[in-house]
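Asks: One structure follows; several queries about it will come next.
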Amino acid sequence: MALLTVQDLTMHYRTKLGGVHAVDGVSFAMAEGEAIGLVGESGCGKTSVAMALLRLLPDNAQILGGEILFEGRDLVKLSEHEMRKVRWRSISMVFQAAMNSLNPVYRVGQQIIEAIQQHLSVSEREARSRVAEHYNLVGLDPKLMDRYPHEYSGGMKQRAVIAMALACSPKLIIADEPTTALDVIVQDRILRRINEVRAEFNMAMMYISHDIAVIAEVAERIGVMYAGWIVEMADTVSVFKHPAHPYTIALMSAFPSIKGDKRVLAQLPGEPPNLLAPPSGCRFHPRCPHATAECVDEAPRLEEIDKGHFVSCWHPQRRSQ
Amino acid sequence: MLRFVGGRLVQIAITFFLFLTVVFFLFQAMPGDYTKQFIMNPRIPPAAREALKVRLGLTDSVWGQYVNYVRNVFTGNLGLSFEHYPREVWDVIKERLPRTAILFLVASVMAFVWGFPLGRYIAWKRGQTLDYTITVAGVLFYTIFTPLLALMLLFVFANQLGWFRTGGFLTPRLWLTPPSSPQSIFIWLAATLAGLGTWAVLARFATRRIGHPRPRRLAQRGLVVVGVGLAGLGWWASGLGPFAWDIVWHMFLPVLAVTLIAFGGDMLLMRDSMLEVIREDYITTAKAKGLPDKVVRDRHAARTALLPLVTSFTLSIGFVVSGGIVTETMFSWKGMGLTYLNALLIQDYPMAMGCLIFTGILVLVAHLVADLLYAVLDPRIVY
Amino acid sequence: MTDRTPAQYAITPLWKMRLRLLARTSRQNWSLFWESRIGPVGLLIIGLFLLAMVAHPILISTVWEPRVYDPVMGFDRALIGRHPAPPSWSHPLGTDPIGRDVLSQLMWSARSAFALGVTAAVISVVIGTLIGAVCAYFGGVVDVVFMRLADLVMLFPFIALLMVLRSVLPLTLIRLALILGALSGLGGITIVLKSQALTVKVKPYIEAARVAGGGSWHIIRRHIIPNIMPLTFLYMMFNVTAAIFTEAVLSFFGFLDIRMSWGVMINTAQQAGYLGAFGHYWWLWAPAGAAITLLCFAFYLVGRGLDAVVNPRLRRR
Ligand SMILES: Nc1ncnc2c1ncn2[C@@H]1O[C@H](COP(=O)(O)OP(=O)(O)OP(=O)(O)O)[C@@H](O)[C@H]1O
Ligand code: SF4
Ligand SMILES: [Mg+2]
């Protein structure tokens, strides 16, 4: 059974200028212990999807439709009180701005203990030893627990935040650009570490990044987002070997080859669409080299073109990279 | 830390010296050299005059006098008051300062106790009608012309309702044969207040470990009530109760006035500070951890948002004298502000200078305390 | 915009583009200001005061007989012996102890309040902006000197010192405005504006301007100052409040050389011993006190409204 099934999730931000269609008819599923990746340009709605899963949306956000089935319960319909029990206990998150995720006036360990004690009935001592365990897991010295966030380096903070996300042994961890603020070497090491721990404890994980290379390293399946839509979803190998959506193809060719030339400019004219007034039909059509009249008029639906390979396009491409 | 405090003390000494200089030359420039006025003062018996002339070093040049003056101030000699001759300025200040201090401390604490949670609350409910209403009311209290507020309070509570006295420090009729001097009773009163404050803090601290909020609050309140009861009993047993009560009665309206004004400022500051903190990522994290709304608000947002409020609270203590001028005048409360104003009006310059010097000291000390408090409350700051 | 060639851009004169840009940002800022809700309320109140200020000379030259209604010299003989007279048809807010019309005084005083408030505020922000920009840009000794000075000035109990100063130097409205402006300009504002200027100084375009050979003063004038302007404007509003309040307090104690102002009106009542009688002579203090409060309140509200525009951290998304 799937751990998480998102069906037709639609969420708008109300603004003075109108609704921002940040998440539109997004559907995907995750099995227990599975690692998936969500990739797309900045502003395409990745964080919005993640925040919707935790129902941590700003005041002006509105879930207009769809359902988020987690362990058989629809999170959209849960009361705030019940939702609080799901947060961190079942779904935790490493935030995009991990550097600022720690409250500067409390000791880091204390902030993790707080989360543990909120959800598990353990004594302070047990909670502490639990934190120490997780510090070890992510490669931090447990002695650092009693330090304040400003005494941590960037990489240390990142690890602490990951330890915090692991602390209650949730079923699903969402990692929103967990490493973008770090230099490449540290980034790599931390990513590997997360993945090992995740596999060890059989937690499902959702990696979010704008960098498909980062995602490819750790995710078993990849969903490609464009302008609030999931345009393609398949296992990592298929996405790399047989990308079918023109946008994915463009993304892949932006991927530096051995020659190192970035062909993205030639392949992808124009800018990401304005989500206040997204293009009609297929949202990618103004930039798509294969667009036809059909694409302008009618929105394609996400369809399975191969086993486990979903694409939302009228003219899926069949070519291998 | 020690080095920081040492550095600040040096800085404070320099600043204070500059302040003294400004004050001295300001008074020096006054029409009719004030030192001469001292000599001419009819209240001073002729025999004392010659001695005074020598003592004042009036034969010296301005610079000589200046040096003298600075030396005197640093050795704690503020001279003699004209009005209260032959009392020393310092002696008068010793009597008046506690009155101002108590008035403002009580009011500041009350303003804080109301302003802090209310500011926190409306920031959390931002954008709602309640937020706008309370914000506007806060601005109104903050910007109200103090004499107007005082007159309105006097009009309503003293004149119309007759609940409180219109001003003064005590009811003379009652004090015809006091068992003890008003000053000493007042000091005891201040001590009681300080004791009760400490007691309340201790009660909070002692009950901290009680898990459930309701019994905890009950225990806290119980302890506070017991403390107040004991204090009341003590006063009653001493037989000085009615006298103490008379002073408290007179204090009520000035305290209310200062509380209202300070309340507006505290609340607005807390609201703005909260609004900034609420946007921080660690607040989202706290929510994501599944913490209840109240815990996120109080433990995570308000704790950080409190910092600027504490600073402003401490700094405001430094400005009680100049701030007190208006309030104390309106309620005839004989504290430092009123003493200063009076001294200026009747040209009791040593007294006025003494008050100003004291203001300077208060402000400087308040700044130091604010810095230290900040360091205690904000782990990011290490001196 | 993407379909324009560089040549087309060249055809549009620079000033026109600037103007258009200005119009757009003003529109955005205005809508943010409007959304703050309290800002417009303040503006409305200020507007009413301006109206009263403008109406006064008109009334004097039409329906109000100057000999009776002059705010300073007027005297109503009809009510001789009955001053201070309670509100009536001829004197909507009554007369003061020496027979002058309170409403006329109230309206007339709006002028001095605005003059003082605005002058002091402009002076303070001009000083604060200049020093703040210079300190941020040059740093070094200049910075240290002015920052220490600011610390010192902030410690000064303004009102208490002005009370002394006035016997050395009679405080007229202009002098008071200058002194208040200078004191607050050298004080806290400098520090705030400097830290704002510091954040501007590290922006890439400043470096670019320097590389392009822009002189220090040119950069300060063209890049730094315009960028701290919004904050400057904000502080101007708060300073107006402070200046009006200070004037009122000093006048209330009779420490100023001003013939008429709201503070003076209350002082007159106090001098004549009418404040102790509270409710019986409310028109002697309530209207003037309310005017001071309202105008301070209004400028403060506008300041907070501007805060919502200038300070993105306070903004609702
Ligand atoms: N509170 C909000 N109000 C209005 N619009 C918003 C809000 N939050 C996000 N948006 C808009 O919604 C869209 C999706 O934002 P989101 O943060 O989900 O993108 P993202 O894919 O995570 O981008 P990035 O890679 O930059 O983090 C963006 O266009 C953004 O401007
Ligand atoms: S639907 Fe049409 S426009 Fe959209 S990606 Fe496919 S081909 Fe391009
Ligand atoms: Mg994001």
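The values are calculated or read from the model by the stated rules, or taken from the named source; none is laboratory data. All values reported here derive from a predicted model rather than from experimental measurement. Neighbour counts are summed over all protein chains in view; Cβ atoms, including those assigned to glycine, are modelled from backbone coordinates with ideal geometry. Calculation scope for accessible area: heavy atoms of the full protein, side chains included, ligands and nucleic acids excluded. Shrake-Rupley method; radii C 1.70, N 1.55, O 1.52, S 1.80 Å.
Asks: Once both axes come from the Cα atoms, what is the angle between helix C:158-168 and the longest principal axis of chain C, in degrees from 0 to 90, rounded to 10?
Replies: Tilt of helix C:158-168: around 60 degrees.
Asks: Given labels modelled 7 Å from the Cα in the Cβ direction, how far is it in nm from A:LYS85 to A:GLU217?
Replies: According to this spin-label approximation, the distance is 3.9 nm.
Asks: Could you tell me what percent of the DSSP beta bridges with both partners in the protein assembly as shown are antiparallel, to the nearest 5? If you can, show how the numbers build up before the last one.
Replies: On the way: 33 of 52 bridges.
Within the protein assembly as shown, antiparallel bridges account for around 65 percent of the total.
Asks: So which residue, out of B:ALA366, B:ALA343, B:ALA29, gets the largest mean-square fluctuation from a GNM of chain B using Cα contacts under 10 Å as springs?
Replies: B:ALA29
Asks: If a/c stays under 1.5 just call it rounded; otherwise compare a/b with b/c (prolate if a/b is bigger, oblate if not). Do that for the protein assembly as shown, with a ≥ b ≥ c from the square roots of the Cα gyration tensor eigenvalues. Show your work: numbers first, answer last.
Replies: Numbers: a/c = 2.22, a/b = 1.79, b/c = 1.24.
Prolate, since a/c reaches 1.5 and a/b exceeds b/c.
Asks: Tell me which of B:ALA194, B:LEU368, B:GLN160 sits at the most positive position along the dipole axis of chain B, charges placed on C-beta atoms (Lys, Arg +1; Asp, Glu -1).
Replies: Highest projection toward the positive end goes to B:ALA194.
Asks: So, in chain B, how many Lys pairs have Cα atoms under 24 Å apart, if the pair is 8 or more places apart or on different chains?
Replies: Step by step, the pairs that qualify in chain B add up to 5.
Asks: What does the helix-only formula give at 222 nm for chain B: each DSSP H stretch with n ≥ 4 adding -39500 (n - 2.57), the total divided by the residues, and the result rounded to the nearest 500 deg cm²/dmol?
Replies: Working: 15 runs with 280 residues, N = 383.
The helix contribution divided over chain B gives -25000 deg cm²/dmol.
Asks: Can you tell me how region B:73-137 classifies by the Cα gyration tensor, rounded, prolate or oblate, using a/c under 1.5 as the rounded cut? Present the calculation step by step, with values, prior to reporting the outcome.
Replies: Details: a/c = 4.76, a/b = 4.29, b/c = 1.11.
Judged from the Cα gyration tensor, region B:73-137 comes out prolate (a/c at least 1.5, a/b above b/c).
Asks: Quickly estimate the mean residue ellipticity at 222 nm for chain A, helices only: each DSSP H run with n ≥ 4 gives -39500 (n - 2.57), and the total goes over all residues, rounded to 500.
Replies: Working: 11 runs with 104 residues, N = 321.
Computed ellipticity for chain A at 222 nm equals -9500 deg cm²/dmol.
Asks: For chain C, what is the charge dipole size about the Cα centre, in debye to the nearest 20, if Lys and Arg each add +1 at the Cβ and Asp and Glu each add -1 at the Cβ?
Replies: Working: 27 positive and 13 negative charges, 265 e Å.
In total the dipole reaches around 1280 debye.
Asks: For a quick protection proxy, order the peptides A:159-165, B:375-381, C:219-225, B:187-193 by their average other-Cβ count within 10 Å, most packed first.
Replies: Working: A:159-165: 27.6, B:375-381: 14.3, C:219-225: 18.6, B:187-193: 16.1.
With the highest mean Cβ count within 10 Å placed first, the list reads A:159-165, C:219-225, B:187-193, B:375-381.
Asks: Taking a ≥ b ≥ c as the square roots of the Cα gyration tensor eigenvalues, with a/c under 1.5 meaning rounded and otherwise prolate when a/b beats b/c, else oblate, which class fits chain C? Could the numbers behind the result be given before it?
Replies: On the way: a/c = 2.91, a/b = 1.81, b/c = 1.61.
Verdict is prolate for chain C.
Asks: For helix B:320-330, what angle does its Cα long axis make with the longest principal axis of chain B, in degrees from 0 to 90 and rounded to 10?
Replies: Taking Cα atoms only, the helix is inclined about 80 degrees.
Asks: Something else: State, in angstrom, two size descriptors of chain A derived from its alpha carbons: Rg to one decimal place and Dmax to the nearest whole number.
Replies: That works out to 20.2, 66 Å for Rg and Dmax.
Asks: Which semi-axes, in whole Å and largest first, does the equivalent ellipsoid of region B:163-319 have when worked out from the alpha carbon gyration tensor as the square roots of 5 times its eigenvalues? It would help to have the intermediate numbers written out before the result.
Replies: Details: eigenvalues 317, 95, 26 Å².
In descending order, the three semi-axes are 40, 22, 11 Å.
Asks: So how strong a dipole does the protein assembly as shown carry about its Cα centre when Lys and Arg Cβ are +1 and Asp and Glu Cβ are -1, to the nearest 20 debye? If you can, show how the numbers build up before the last one.
Replies: Details: 95 positive and 70 negative charges, 184 e Å.
Charge dipole, the protein assembly as shown, about its Cα centre: 880 debye, nearest 20.
Asks: For all pairs of alpha-carbon atoms in region B:91-377, what percent lies in each bin of width 10 Å, listed from the first bin to the last filled one?
Replies: In order of increasing distance, the bins hold 6, 22, 32, 26, 11, 3, 0 percent.
Asks: Which residue fluctuates the most in chain C, going by a Gaussian network model with Cα springs under 10 Å, if the choices are C:MET260, C:MET229, C:MET17?
Replies: C:MET17
Asks: Okay, moving on. On C-alpha positions alone, give me the angle between the axis of helix C:173-186 and the longest principal axis of chain C, in degrees, nearest 10.
Replies: Roughly 40 degrees between the two axes.
Asks: Take chain C, connect every pair of alpha-carbon atoms lying under 10 Å apart with a spring to form a Gaussian network, then pick out the residue of C:GLY185, C:GLY305, C:GLY273 with the largest mean-square fluctuation.
Replies: C:GLY273
Asks: In whole percent, how big is the carbon plus sulfur part of the accessible area of the protein assembly as shown, probe 1.4 Å, protein atoms only? Display every interim value, and only then the final one.
Replies: On the way: 29730 of 47210 Å².
Carbon and sulfur together cover 63 percent of it.
Asks: Counting Lys and Arg as +1 and Asp and Glu as -1, each charge on the Cβ, what is the dipole of chain A about the Cα centre in debye, to the nearest 20?
Replies: Details: 34 positive and 37 negative charges, 109 e Å.
In total the dipole reaches around 520 debye.
Asks: Hey, rough spin-label estimate for B:SER181 and C:ALA23, points 7 angstrom out along Cα→Cβ, what's it come to in nanometres?
Replies: Each label point is offset 7 Å from its Cα along the Cβ direction, giving 7.7 nm.
Asks: What would the Debye formula give as log10 I(q)/I(0) at q = 0.12, 0.19, 0.22, 0.26 Å⁻¹ for the alpha-carbon point model of region A:152-232, no solvent?
Replies: Log10 of I(q)/I(0), two decimals: -0.35, -0.86, -1.10, -1.40.
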